[in-house]
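Participant: For reference, the structure I am asking about is given below.
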Amino acid sequence: MKKLSLLVCVLGLLCSCSSNDDNDTQPGYAIEIKNIETLVAESKIKVSFKLTDENGIGVSNQTDSDFNLYERAISDGETEQLIDPTEAPRLIVPNPQNYRYATMIVMDLSGSVIDEIENIKSAATLYVSNLFSEINSGALEVAIYYFDGREQLQELIDFSTSSQNIIAAIASMNQNLQQDISTNLYGAVVQSCERMQAKKLEIQNDPSTNIWSSSMVFFSDGQNQDFFNNRADMNASINVTVDNTGFYVIGAGNNVDARVIADIGRNGQFLIDNYSQLTTGLNSVLDVIRREANSNYELEICTAKSGTNVAFRLESIGTPTSGGTGTYDTTGFTGNNCTIN
């Protein structure tokens, strides 16, 4: 089995491989090819990809009938041909089981927040329950951390695939968790990024995982008051972590620093009046994360082109599409033993 990992189009950018290069039409969708797997023994190709709209938001609930597939044999100098599914069977599967999604929730439990602990517990419990019911990943992992004025980020529960264990950890929260009334927001973001980077490296080194993504959700009602790290440190940490990771922030009350909220919430900023509205804020985050997480697909192809290098292009039917191109090698394919799972 040969694997070829390709990053063909960066999310949100318009790629020159679009079928609309000859006009001024702006692409409506972008397809990012994440992995191409060649199964010689089965004469089959598996292509993992992500589908996003013109705003970079994930598009979910698509099926095989929503896409066209084009192929051409490179060595034979062929022109691109639309592939008839009856001649070369294929199947697009939403949210493949080898897809992993990891998310961190990072809570502010400083002096101005700790009295809201019951609102926090209630909102966090509902949010976690909804995550596990609405993100159709083969392996969803959730971690919860918190911070106050201490230098170190505090762990409530590390990455877990058990919703029961995560909800039990939330239920155990109480006011004794706080030990310093100050707010080490910058340091909390820096250390959260370090933890997420370690998790991403673990996922990337897992040979059974072809497609993955992650997110970080912060909420706070104040400004940074400790200076173990500065704002530049925080932004540098976000910049090295943001690849394939969404950053979302919920700011509560009138004391939040709008500039810092903008720095952290690269993919979404949600403001609420107070922590009694935290459920509303988390639901807004969930809506974006759900679309993002559920926009990953796996395409299985029984190509009729055996023994050659094949260039392919995948496009969304009826919507201008950028990206979605790549190549695979069909050397060794027999063409008569391929079945779609």
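Participant: Quick check on region 162-173. Is at least one of its residues in contact (Cβ under 8 Å) with a residue 40 or more places away in the chain and open to solvent by 60 Å² or more (accessible area, probe 1.4 Å)?
Facilitator: Our first condition is that a residue be in contact (Cβ under 8 Å) with a residue 40 or more places away in the chain; within region 162-173, this holds for 167, 170-171, 173.
Then keep just the ones that are open to solvent by 60 Å² or more (accessible area, probe 1.4 Å); that gives 171.
Yes, the conditions are met somewhere in region 162-173.
Participant: Of the residues that sit in region 67-119 and are in a strand (DSSP E or B) and of a type in the set (Ser, Thr, Tyr), which one is nearest to GLN191 (Cα to Cα)?
Facilitator: Restricting to residues being in a strand (DSSP E or B) and of a type in the set (Ser, Thr, Tyr), the top hit is THR103.
Participant: Is there a residue being charged (D, E, K, R), in a strand (DSSP E or B) and farther than 18 Å from PRO85 by Cβ anywhere in region 317-332?
Facilitator: Scanning region 317-332, I find at least one residue that is charged (D, E, K, R), in a strand (DSSP E or B) and farther than 18 Å from PRO85 by Cβ, so the answer is yes.
Participant: Scanning region 277-316 for residues that are touching a strand residue (DSSP E or B) at 6+ places or on another chain (Cβ under 7 Å) and in a loop (DSSP other than H, G, I, E, B), which turns out surrounded by the fewest Cβ atoms within 10 Å (Cβ to Cβ)?
Facilitator: The residue in question is THR308.
Here's the yes/no breakdown for (1) crowded, with 20+ Cβ neighbours inside 10 Å; (2) within 26 Å of GLN225 (Cα to Cα); (3) of a type in the set (Val, Ile, Thr):
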{"position": "ASN98", "(1), (2), (3)": "no, no, no"}
{"position": "VAL106", "(1), (2), (3)": "yes, yes, yes"}
{"position": "LEU109", "(1), (2), (3)": "yes, yes, no"}
{"position": "SER112", "(1), (2), (3)": "no, yes, no"}
{"position": "ILE117", "(1), (2), (3)": "no, yes, yes"}
{"position": "ALA123", "(1), (2), (3)": "yes, yes, no"}
{"position": "SER129", "(1), (2), (3)": "no, no, no"}
{"position": "SER133", "(1), (2), (3)": "no, no, no"}
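Participant: Can you tell me which residues in region 34-87 are open to solvent by 20 Å² or more (accessible area, probe 1.4 Å), touching a residue at least 40 places away in the same chain (Cβ under 8 Å) and among the hydroxyl-bearing types (Ser, Thr, Tyr)?
Facilitator: Correct list: SER60, SER65, TYR70, SER75.
Participant: May I ask you to list the residues in region 262-276 that are buried (at least 16 other Cβ atoms within 10 Å of the Cβ) and within 15 Å of ALA236 (Cα to Cα)? If you could, list the steps in order and put the result at the bottom.
Facilitator: Step one: list which residues in region 262-276 are buried (at least 16 other Cβ atoms within 10 Å of the Cβ), which gives 263-272, 275.
If the condition is that a residue be buried (at least 16 other Cβ atoms within 10 Å of the Cβ) and within 15 Å of ALA236 (Cα to Cα), then ASP263, ILE264, GLY265, ARG266 are the ones that fit.
Participant: Taking into account only those residues within region 321-341 that are among the small types (Gly, Ala, Ser) and closer than 17 Å to ASN309 by Cβ, which is nearest to the chain's Cα centre (by Cα)?
Facilitator: Here the residue is GLY326.
Participant: OK, next. For region 169-179, does any single residue satisfy the condition of being over 22 Å from the mean Cα position of the chain (by Cα) and closer than 26 Å to LEU201 by Cα?
Facilitator: Looking only at region 169-179, we keep the residues that are over 22 Å from the mean Cα position of the chain (by Cα), and these are 169-179.
Retained after the next criterion (residues that are closer than 26 Å to LEU201 by Cα): 169.
Yes - at least one qualifying residue is present in region 169-179.
This table checks each residue for (1) charged (D, E, K, R); (2) part of a strand (DSSP E or B).
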position: LYS199; (1), (2): yes, no
position: MET216; (1), (2): no, yes
position: GLN225; (1), (2): no, no
position: PHE228; (1), (2): no, no
position: ILE238; (1), (2): no, no
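Participant: Out of all the residues in region 118-141, which are in contact (Cβ under 8 Å) with a residue 40 or more places away in the chain and under 25 Å from GLY222 (Cβ atoms)?
Facilitator: Those that are in contact (Cβ under 8 Å) with a residue 40 or more places away in the chain and under 25 Å from GLY222 (Cβ atoms): ASN119, ILE120, LYS121, SER122, ALA123, ALA124, THR125, LEU126, TYR127, VAL128.
Participant: Consider ILE181 carefully, then state whether it is among the aliphatic types (A, V, I, L, M) and crowded, with 18+ Cβ neighbours inside 10 Å. Steps first, please.
Facilitator: Values: among the aliphatic types (A, V, I, L, M): yes; crowded, with 18+ Cβ neighbours inside 10 Å: no.
Criteria not met by ILE181.
Participant: Here's a follow-up. May I ask you to say which residue of ILE117, ILE157, ILE144, ILE74 is modelled with pLDDT of 90 or more, out of contact with any strand residue (DSSP E or B) (no Cβ under 6 Å at 6 or more places or on another chain) and β-branched (Val, Ile, Thr)?
Facilitator: After applying the criteria, what remains is ILE117.
Participant: What are the pairs with Cβ atoms under 7 angstrom where one residue, in region 297-317, is among the aromatic types (Phe, Trp, Tyr) and the other, located anywhere, is open to solvent by 10 Å² or more (accessible area, probe 1.4 Å) and outside any strand (DSSP E or B)? Sequence gap at least six, or different chains.
Facilitator: Between residues of region 297-317 that are among the aromatic types (Phe, Trp, Tyr) and residues that are open to solvent by 10 Å² or more (accessible area, probe 1.4 Å) and outside any strand (DSSP E or B), the close pairs are TYR297/GLN62.
The values are calculated or read from the model by the stated rules, or taken from the named source; none is laboratory data. Please read all numbers here as calculations on a predicted model, not as lab measurements. No Cβ is skipped: glycine too gets one built from the backbone with ideal geometry, and neighbour counts run over all protein chains shown. Surface accessibility is based on the protein's heavy atoms, side chains included, excluding ligands, DNA and RNA. Shrake-Rupley method; radii C 1.70, N 1.55, O 1.52, S 1.80 Å.
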